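Visitor: Following this message is one structure expressed as structure tokens.
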Amino acid sequence: MKNSIKLAAIPFSLVATLFAARTVAPAPATAAMPDPSPVTARSYDPANTALVITDPQNDFLSPDGVTWGVVGESVTENNTVENIGSLFKAAKQGGYPVFVSPHYYFPHDHHWQFEGTLEALMHSIHMFDRKDALSLEDFDGSGADWLERYKPFIEDGQTVVTSPHKVYGPDTNDLVLQLRKRGIDRVILAGMSANLCTESHMRELIEQGFDVTVVSDGTAAAKTPELGDGYAAAMTNFKFIANALIDTKEALTSMGTAAE
């Protein structure tokens with residue numbers, strides 16, 4: 001054909017140069033890495049945004065709880081108990097739907113054949129134990145019960161208390177279903193414990209397509225010489241994965257409520 005170019009007519013050196021240029025692109029001299037930190041300036045609408053609190057229970061947040069020896073320092077440093085209370089109050093005042101995802105263990109849960117490190121510990125110290133799935137016998141004031149100061153917010157007949165999650169995330173309960181049924185696609189997330197249930201909830205909600213803001217001082221975690229600082233580990237992952245990471249003061253402002 002008239003317009004055909006015979007390969008033999010092209011110098012080999014030129015072919016080699018062109019081929020190399022197409023297959024090996026030179027790296028930029030200075031490739032700037034964008035800041036991965038989540039955006040902090042946000043605003044929320046109660047029509048599609050909910051407050052979700054994980055495990056606001058005595059075993060995590062009360063000095064009498066079975067984990068206070070390892071979480072108490074972090075809870076105190078972050079003013080976690082007071083901050084969760086402020087988030088509950090702001091949500092109620094602003095008309096935001098509130099969801100609580102609790103952690104309960106019933107007698108049949110203690111017959112699991114394999115467990116992770118923290119699962120085994122929680123079972124051995126009878127954390128979040130309840131006598132029966134259909135009974136509240138001995139529940140009031142127990143480690144599985146709500147922190148007393150939160151009861152007016154949780155037991156007001158409006159808060160959605162989901163079925164319990166069994167390991168760390170909401171994969172095993174009905175939180176996502178309940179959020180979807182209420183038309184919620186944005187979540188303000190706080191509660192216990194930062195690197196376990198709170199982080200697992202954040203990850204699953206992100207995977208399910210929700211916009212998730214984590215409240216940095218609305219959570220806390222264990223610190224041990226053997227395992228390290230769970231709170232610091234969670235903050236690293238929240239910064240990389242959450243849609244936003246803000247403190248309680250910023251959250252209250254974004255929800256249209258002045259910080260107290």
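Visitor: Computed FRET efficiency, Cβ-Cβ of Glu77 and Lys239, R0 22 Å: what is it to the nearest 0.05?
Guide: Details: r = 18 Å, r/R0 = 0.83.
FRET efficiency, Glu77 to Lys239: 0.75.
Visitor: Here's a follow-up. Compute the Rg/Rh shape ratio of the range 49-254: radius of gyration over Kirkwood radius, all on alpha-carbon atoms.
Guide: Across the range 49-254, the Cα-based Rg/Rh ratio is 0.93.
Visitor: Summing Lys, Arg as +1 and Asp, Glu as -1, what charge do residues with Cβ under 12 Å from the Cβ of Asp217 carry, Asp217 excluded? List each step's numbers first, then the result.
Guide: Values: positive: Lys249; negative: Glu77, Glu82, Asp247, Glu250.
Charge balance near Asp217 sits at -3.
Where a number appears in this text, it was derived from the coordinates with a stated rule and is not lab data. Note that the structure is a prediction, hence the values are computed from the model and not measured. Glycine also receives a Cβ, built like all others from the backbone with ideal geometry; neighbour counts cover every protein chain displayed.
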